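Peer 1: Just passing along the structure, written as structure tokens.
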Amino acid sequence: MPYLTEEVAVLEGLLGAYFTSPHLSEGIRRDYVTVHRHMEDGELTRADYQRIRSAVDLLLPLHKSSPSEYKLLVGVLTKTTAMLTTS
């Protein structure tokens, strides 16, 4: 997996905070629970990377006020896009 430990921690926190809410559809919650499980197992799939990219695209504007988080998310987005283009 191309993510640093710090990136994984931030991703897990963001996915947990934003994509497990009971206000979201069951399908979305299930998809992100699957991403989280695959992240723990170190076996992310192409579909997982696509979901991560979508999530970071959605959340990136919300974190512009925190330069360190924003920079970290841009790094995650760059790595995720690279993984999608090489696979």
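Peer 1: List the pairs whose first member sits in the stretch 25-49 and is surrounded by 10 or more Cβ atoms within 10 Å (Cβ to Cβ), whose second member is assigned to a helix (DSSP H, G or I) and charged (D, E, K, R), and whose Cβ atoms are under 6 Å apart, counting only residues at least 6 apart or on separate chains?
Peer 2: So the pair list comes out as 31/51; 35/48; 35/51; 38/48.
Peer 1: Take the residues of the stretch 2-22 that are open to solvent by 40 Å² or more (accessible area, probe 1.4 Å) and touching a His at 6+ places or on another chain (Cβ under 9 Å): which is modelled with the highest pLDDT?
Peer 2: Here the answer is 12.
Peer 1: Now, a different point. Among the residues of the stretch 59-81, how many are open to solvent by 80 Å² or more (accessible area, probe 1.4 Å), assigned to a helix (DSSP H, G or I) and over 17 Å from residue 8 (Cβ atoms)?
Peer 2: 3
The values are calculated or read from the model by the stated rules, or taken from the named source; none is laboratory data. The structure presented is a predicted model; accordingly, all values stated were derived computationally and were not measured. Note that each Cβ is placed from the backbone with ideal geometry, even for glycine, and that neighbours are counted across all protein chains shown. Accessible surface areas use protein heavy atoms only, side chains included; no ligands, DNA or RNA. Shrake-Rupley method; radii C 1.70, N 1.55, O 1.52, S 1.80 Å.
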